[in-house]
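As structure tokens, the structure follows; a few thoughts come after it.
The values are calculated or read from the model by the stated rules, or taken from the named source; none is laboratory data. Bear in mind the structure is a predicted one, so any value in this text is a computation, not a measurement. Note that each Cβ is placed from the backbone with ideal geometry, even for glycine, and that neighbours are counted across all protein chains shown. Ligands, DNA and RNA are excluded from the accessible area calculation, which covers all protein heavy atoms including side chains. Shrake-Rupley method; radii C 1.70, N 1.55, O 1.52, S 1.80 Å.
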Amino acid sequence: MAPPKLPRFCFPLFGPDRQTAEIRRRGSLLITLMVLITGVGCQDDTALVRKIQSQRQAQQETQARRDHLGEAFVLLRKYVELAPEMAQEQIAFHLNGWSATRPPSEATEPELADTLRDVISADALTERVAGRTFLPGDVLHLRDSYLFHSLYTWVDTPRLDEKLLTDWFTEQRQSLGAESVDRLVTATRLFDWTVRNIALEPDDPSAPAPQGPEFPLGMKFQGAGYRQSDYQTVMRGTGDGLQRAGVFTQLCRQAGIPAAVLGTIDGTSGEVKPFCVGVLAGDEIYLFEPTLGVHVPGPNQVGIATLAEARRDAVVLRRLGIAGLDQFTYPVTKEDAQQCVALLNLSPETISPRMKKLQSGLTGDRRMNVYVDADKIAQQLDAVTGISSVRIWDVPLKTEVYRQVCEQYAQRDPVFAFWYMARWAMMDAGFESARQLTLGRWQHLTGQFGDIEEESITGARTLYMNQRAPEFEIEDLRIDVDLQKQYGIRRELGVDSATYDQQVAQIQGLMRMGKRTATYWLSLLQADDGRLETAEGWLEKRVLPEEQQSFWTPAARYNLARLAEALGKTDKAVEMYKRVGEPQEHGNRIRARLVAKQDD
């Protein structure tokens with residue numbers, strides 16, 4: 001089998017073959033030099049030596065002048081279009097090439113890294129935190145940082161302001177100061193985008209699933225928080241409350257806003273139970289509830305509550321319940337909130353000295369936050385009354401363990417393997433339609449909505465529209481060979497007709513699901529782009545009709561209610577928020593109450 005060709009924007013790696021060739025070249029050069037010296041006896045060889053030294057110096061200067069960081073970013077921006085393993089190796093190579101021209105970082109391993117030793121071995125933690133060489137695994141952290149920074153950049157705009165808090169923010173500028181209020185305004189934009197774009201899943205999924213594997217570290221099959229990564233959550237647009245918290249805190253980090261998942265401490269077992277995200281602004285921690293999808297309202301249901309207010313006034317958390325509906329009683333009380341643990345959503349790579357070194361080189365359009373001074377943030381959070389301790393959240397590492405265990409189990413159990421891959425095969429499978437849907441989502445999240453013809457860039461809007469193949473075309477896929485080629489489908493040697501027909505039928509199902517997903521995401525893109533009436537029409541006419549129903553339906557109804565609210569149709573919005581049986585009904589009813597109060 002021939003080795004895969006590098007994409008046109010990749011550069012050859014110094015692999016083993018290249019290293020061997022280099023050794024041979026140097027050996028040949030040395031032998032040639034010795035022959036020349038031997039042949040001329042005592043003849044003056046100064047000129048020859050100087051020539052060799054000059055050539056070597058020129059090579060070193062050329063290597064130093066090479067824009068390794070720029071080449072790494074070319075690959076990073078195109079990451080989803082590349083073969084992952086090859087992209088990781090290429091980017092790591094360029095980062096090490098850049099690093100070789102810079103002085104070593106003076107940063108050391110933070111003390112807070114010790115809080116991870118219960119979920120990762122000491123050797124593995126040291127390798128990932130203290131190592132000075134960039135590894136292919138580091139690229140996943142850089143990919144996430146790039147994606148979340150790109151997303152934060154275009155979400156942080158007045159067009160996406162949380163209108164329920166506009167008057168309160170104006171009042172707070174006098175008491176809190178402009179800097180703290182600006183930080184909260186940005187945080188609410190990021191939180192609101194997260195809630196609207198990450199469809200809520202239950203902590204314990206009820207959909208049928210096969211028997212899963214056994215997990216270490218007290219984890220369970222389909223456990224909340226760690227069954228997918230923050231990257232998967234934002235790319236897929238669906239997740240549970242903890243996964244929403246992961247996305248929100250990732251966005252806050254890119255905005256330079258200290259944020260942590262807050263958990264209460266069980267008095268008997270000592271178990272930490274996350275319940276909300278705290279954002280540090282000034283000397284206070286402000287509360288956001290990702291599972292409910294609302295900020296925690298302050299006293300008298302005005303503004304955003306602080307941790308201090310929740311500890312002082314029992315009504316603050318009690319009002320997160322719904323009067324007369326016992327199933328919506330909020331499980332955290334004033335007494336529970338007296339001592340909280342702040343959990344920082346950080347991977348080991350984020351706190352490593354090599355990332356601090358890289359951070360110093362990221363300027364201009366390469367700017368993003370790849371390093372966090374964990375001990376410094378811990379001191380800031382620990383200074384707030386009510387925070388008993390600060391730790392690094394174990395969920396990112398548990399997510400890695402969960403994925404590894406599932407992938408190993410899938411190799412042994414074909415039924416589990418099919419279930420594990422099936423739902424997101426519309427993005428993860430190898431056929432062209434899946435690749436284009438993934439690229440469309442990447443372009444959407446990075447803010448590339450439209451096409452740029454002169455640069456041959458296809459934007460998210462076009463890529464989503466291209467997924468909306470007419471039904472007759474999807475149906476003809478079974479019999480139209482030219483259409484099969486167009487969609488990148490081919491019949492492998494040795495595959496009989498019946499098996500091939502079954503494979504085509506599966507791809508047809510994925511294409512239909514991809515079409516509905518693209519239609520829903522295109523509706524959200526219209527709202528993100530300020531085209532509210534257009535977004536409303538897409539949801540009503542193309543996403544929510546009975547024949548188009550999918551697992552996006554509840555999230556589509558919620559976003560339709562948000563659009564009604566934004567367009568001044570308050571009564572319609574309140575009625576939709578009170579719909580019974582929605583995954584986010586609890587939080588929706590709280591929003592209905594806040595909207596009705598503002599409208600009075």
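Conditions (1) part of a loop (DSSP other than H, G, I, E, B); (2) modelled with pLDDT of 95 or more; (3) open to solvent by 40 Å² or more (accessible area, probe 1.4 Å), marked per residue:
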position: Q59; (1), (2), (3): no, no, yes
position: A64; (1), (2), (3): no, no, yes
position: E85; (1), (2), (3): no, no, yes
position: E89; (1), (2), (3): no, yes, yes
position: A92; (1), (2), (3): no, yes, no
position: L95; (1), (2), (3): no, yes, no
position: T101; (1), (2), (3): yes, no, yes
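Conditions (1) more than 30 Å from V155 (Cβ to Cβ); (2) of a type in the set (S, T, N, Q); (3) exposed (fewer than 14 other Cβ atoms within 10 Å of the Cβ); (4) out of contact with any Cys (no Cβ under 8 Å at 6 or more places or on another chain), marked per residue:
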| site | (1), (2), (3), (4) |
| --- | --- |
| L463 | no, no, no, yes |
| V481 | yes, no, yes, yes |
| L510 | no, no, no, yes |
| Y558 | no, no, no, yes |
| A564 | no, no, no, yes |
| G568 | no, no, yes, yes |
| A573 | no, no, no, yes |
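Quick check on A178: is it surrounded by fewer than 20 Cβ atoms within 10 Å (Cβ to Cβ), free of Cβ contacts under 8 Å to residues at least 60 places away in the same chain and farther than 22 Å from E284 by Cα?
Numbers: surrounded by fewer than 20 Cβ atoms within 10 Å (Cβ to Cβ): yes; free of Cβ contacts under 8 Å to residues at least 60 places away in the same chain: yes; farther than 22 Å from E284 by Cα: no.
Criteria not met by A178.
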Scope segment 575-587; condition open to solvent by 10 Å² or more (accessible area, probe 1.4 Å) and touching a residue at least 24 places away in the same chain (Cβ under 8 Å); matching residues: E582, P583, Q584, E585, H586
The number of residues in segment 186-211 that are open to solvent by 20 Å² or more (accessible area, probe 1.4 Å), assigned to a helix (DSSP H, G or I) and without any contact (Cβ under 8 Å) to a residue 40 or more places away in the chain is 1
Considering (1) among the aliphatic types (A, V, I, L, M); (2) open to solvent by 50 Å² or more (accessible area, probe 1.4 Å); (3) at pLDDT 95 or above, say which one L135 fails and leave the rest. (3)
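Restricted to segment 244-259, and to residues that are touching a Cys at 6+ places or on another chain (Cβ under 9 Å) and either among the hydroxyl-bearing types (S, T, Y) or farther than 15 Å from V234 by Cβ (or both), which residue is surrounded by the fewest Cβ atoms within 10 Å (Cβ to Cβ)?
Of segment 244-259, the ones touching a Cys at 6+ places or on another chain (Cβ under 9 Å) are 245, 258-259.
From the residues that got through so far, the ones that are either among the hydroxyl-bearing types (S, T, Y) or farther than 15 Å from V234 by Cβ (or both) too are 258-259.
Numbers: P258: 21, A259: 29.
Taking the candidates together, the pick is P258.
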Residues satisfying the stated conditions in segment 406-453, i.e. closer than 27 Å to Y152 by Cβ, of a type in the set (D, E, K, R), in a helix (DSSP H, G or I) and open to solvent by 30 Å² or more (accessible area, probe 1.4 Å): D428, R435
